[in-house]
1. For the protein assembly as shown, what class follows from the C-alpha gyration tensor (a ≥ b ≥ c being the square roots of its eigenvalues): rounded when a/c is under 1.5, otherwise prolate if a/b is larger than b/c, else oblate?
2. Could you tell me how far the Cα centroid of segment A:16-73 sits from the Cα centroid of segment A:177-235, in Å?
3. Excluding same-chain residues fewer than 8 positions from A:Lys133, which aspartates and glutamates have a Cα within less than 13 Å of its Cα?
4. Going Cα to Cα from B:Lys160, which lysines come in below 24 Å? Please leave out same-chain ones fewer than 8 positions away.
5. When the solvent-accessible surface of protein heavy atoms is calculated with a 1.4 angstrom probe, in what order do B:Arg15, B:Arg57 fall, highest first?
6. Can you check how the C-alpha radius of gyration of chain A compares to 2.2 N^0.38 Å, as a plain ratio?
7. Sequence neighbours fewer than 8 away in the same chain don't count; with that in mind, list the lysines whose C-alpha is under 22 Å from A:Lys22.
8. At a cut-off of 50 Å², which residues of segment A:79-118 become less accessible once all protein chains are present than in their chain alone, using a 1.4 Å probe?
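The values are calculated or read from the model by the stated rules, or taken from the named source; none is laboratory data. Everything quoted here is computed from the prediction, not taken from an experiment. No Cβ is skipped: glycine too gets one built from the backbone with ideal geometry, and neighbour counts run over all protein chains shown. Surface accessibility is based on the protein's heavy atoms, side chains included, excluding ligands, DNA and RNA. Shrake-Rupley method; radii C 1.70, N 1.55, O 1.52, S 1.80 Å.
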Amino acid sequence: MDVNLLEVEQLRKSYKDAEVLKGLSFTLARGDVLVVAGPSGCGKSTLLRCINGLEPFQSGVIRLSGRDLTAPGVKWTEVRQKVGMVFQSYELFPHMNVLDNLLLAPRKAQGLSKSEASARAASLLERVGLKDKMKSFPRELSGGQKQRVAILRALMMKPELMLFDEVTAALDPEMVREVLDLMLELATDGMTMIIVTHEMQFAQAAASRVLFMDEGEIVETSSPDVFFTFPKTDRAKQFLNIFHFEKKERRH
Amino acid sequence: MQDLGILLEGRNLERLLYGLWVTLRISFASIAASIICGIIFGVIMTLRNRVLQAVCRIYLELVRVLPQLVLLFLAYFGLTRAFNINLSGETSAVLVFVVWGTAEMGDLVRSALISIPRHQYDSGYALGLSKADVYMSIILPQTVRRLIPLAINLATRMIKTTSLVVLIGVVEMLKVGQQIIEANRYTAPRAALWIYGAIFALYFLACFPMSLIAGRLERRWT
């Protein structure tokens with residue numbers, strides 16, 4: 001039997017007195033798209049940051065392809081090459097053009113030759129229709145373009161797992177679509193992903209599973225069909241109601 | 001108009017240019033040392049150590065509130081009086097400008113370093129880059145870009161401020177000019193205008209290219 005790509009067991013994390021992750025456990029098979037939903041401050045982002053070692057945690061085990069990442073001697077720089085992450089604020093490197101943004105990590109961390117890396121970059125840019133922006137600087141791109149380049153930058157490393165931390169939260173509504181479309185395409189291609197998002201319709205379309213968190217705990221794990229139509233827990237119902245508007249009678 | 005001739009009389013122009021050389025010599029020695037010490041001082045200020053931060057803060061504020069002239073007098077006359085350390089005018093000048101320049105440059109370095117958003121580091125690390133690569137390829141290039149225009153601005157300020165060293169007896173461009181004017185007081189009473197005019201032009205020639213470069217870099221990088 002194939003091992004799960006990612007296994008998280010009893011993950012605990014606290015800042016000083018406040019415990020933000022209270023013993024989370026879940027697994028992720030290859031090709032899974034896990035959407036993590038929940039109110040702000042419930043620990044979603046922290047969870048992602050723990051998975052690729054940007055945030056230290058107090059206890060628990062994270063396994064990637066069966067390998068314990070908390071074991072001594074694990075090199076996070078190597079782990080992170082397999083785990084791509086995209087942030088809300090895109091954070092392209094402003095002093096480099098699009099191509100150099102894409103080439104930096106494969107060249108420095110994977111030791112790829114310039115021609116090899118450029119070919120990879122060109123085919124990715126081609127695929128999302130940004131090939132003509134290769135020499136543009138981040139400040140010359142729209143928010144949606146920047147975020148797509150940021151996604152490509154992570155894909156350049158050929159990661160096995162992609163983490164998306166509210167990647168559309170800072171974008172104008174019109175830009176959101178192009179970014180979500182790209183993510184949906186990745187999902188269809190079989191990329192394993194963990195997506196933190198507030199775009200509930202997108203979540204329903206993309207997710208193979210929804211993990212609902214509140215106050216540092218997993219409240220519910222369901223298939224998207226169940227979660228969005230008949231959530232098992234009251235807390236999830238309450239949360240989903242936020243996205244639902246009812247037309248009220250006008251008083252006057 | 002005939003007083004303009006004073007400028008070209010004898011070795012006057014040559015003397016003025018030598019004065020400019022003294023000015024630039026003091027300036028560039030001070031600027032070079034200030035940049036090196038300032039970078040170190042700036043990095044120290046970003047370290048999260050309360051005691052170090054307090055010491056740095058006191059040094060910075062102290063040097064900033066004291067007029068450079070007071071610092072010059074302190075170094076030139078004060079050190080001799082108090083500790084019997086006898087520095088030449090030029091050495092005291094460089095010492096004072098380095099003390100001052102280090103504080104100012106350090107503050108620029110500190111602000112440039114902390115202005116790089118946290119997420120720039122995270123993005124680098126998340127791509128699997130090592131700490132050295134993140135600093136060399138992502139953080140430092142951005143810091144330097146923010147720093148260069150500010151540093152050039154500081155350098156032009158330092159060049160201008162060196163004219164104060166006249167007051168501790170260093171013969172630089174301004175002093176040479178005054179000597180020429182004094183020597184020709186009776187024969188060419190209006191020479192002052194031309195001599196100071198020439199000095200103005202020479203300062204301008206020394207500083208203007210630098211602010212031009214600063215402006216250009218700023219436009220290109222922001």
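1. Values: a/c = 2.96, a/b = 2.52, b/c = 1.17.
Prolate.
2. So the two Cα centres are separated by 16 Å.
3. Excluding near neighbours in sequence, the set is A:Asp100.
4. B:Lys160 reaches B:Lys175.
5. On the way: B:Arg15 80, B:Arg57 105 Å².
Descending accessible area places them as B:Arg57, B:Arg15.
6. Details: Rg = 19.0 Å, N = 252, 2.2 N^0.38 = 18.0 Å.
This ratio for chain A stands at 1.06.
7. A:Lys13, A:Lys44, A:Lys232, A:Lys237
8. Listed in order, they are A:Arg80, A:Phe87, A:Glu91, A:Phe93, A:His95, A:Lys108.
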